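Novice: The structure under discussion is supplied below as structure tokens; questions concerning it will follow.
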Amino acid sequence: MDLILWRHAEAHDLREGDTDDLARALTPKGERHAARMAQWLNQVLPASTRVLVSPAVRTQQTAQALERRFKTVAALAPDGTVDGLLDAARWPDAKEPVLVVGHQPTLGLAAAYLLAGTAQAWSIRKGAAWWLRCRDKDGQRQVALLAVRSPSHL
């Protein structure tokens, strides 16, 4: 199974007195970075890829740059957990690749858990994507990091 973790692109900060974190939108720079990353992802993602997105505006906007259908999943919200993310993605048993558009720290914690066996505070840059693959080899499950891409390096 392939699992691609895509952190939303740069978003506006919460304004003073505003408490609705889910309503924060992408900045113009974030929109450009989302478009750049989406272009790369569309070149390499299979058509069968399921796209799962947090309900936050900034993740919705990031995913819209792909111009693919996606499903909004409450478990991927900013206060989501690694278990919630992995359950939504059906890790490691999904038959198709899964792209998750989400938030820190959950994406970094998930990457660390899958690659190092423990949830650590790994940082995934805004707008970046980490591509992980799970496969069985000689009866043992192995997780490999296939790619890390940042929109500023595409």
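Novice: So is Ala112 without any contact (Cβ under 8 Å) to a residue 24 or more places away in the chain and in a helix (DSSP H, G or I) or not? Lay out the reasoning, then the answer.
Specialist: Working: without any contact (Cβ under 8 Å) to a residue 24 or more places away in the chain: yes; in a helix (DSSP H, G or I): yes.
When the stated conditions are applied, Ala112 passes them.
Novice: Also, I was wondering about something else. Among Val73, Val98, which is of a type in the set (Val, Ile, Thr), over 25 Å from His12 (Cα atoms) and buried (at least 17 other Cβ atoms within 10 Å of the Cβ)?
Specialist: Val98
Novice: Among the residues of the stretch 33-59, what is the count of those that are without any contact (Cβ under 8 Å) to a residue 24 or more places away in the chain and either more than 21 Å from Asp2 (Cβ to Cβ) or in a loop (DSSP other than H, G, I, E, B) (or both)?
Specialist: 1
Novice: Same structure again: Could you list, in sequence order, all residues of the stretch 70-109 that are in contact (Cβ under 8 Å) with a residue 60 or more places away in the chain and assigned to a helix (DSSP H, G or I)?
Specialist: Of everything in the stretch 70-109, those that are in contact (Cβ under 8 Å) with a residue 60 or more places away in the chain and assigned to a helix (DSSP H, G or I) turn out to be Ala89, Leu107.
Novice: Here is a further query. Can you tell me which of (1) within 15 Å of the chain's Cα centre (by Cα); (2) in contact (Cβ under 8 Å) with a residue 12 or more places away in the chain is the one Glu67 doesn't meet?
Specialist: Condition not satisfied by Glu67: (1).
Laboratory data are not the source of any read-out in this text; all were calculated from the coordinates shown. The shown structure was predicted, so the numbers you read here are calculated from the model rather than taken from an experiment. Backbone-built Cβ (ideal geometry, glycine too); neighbour counts: all protein chains shown.
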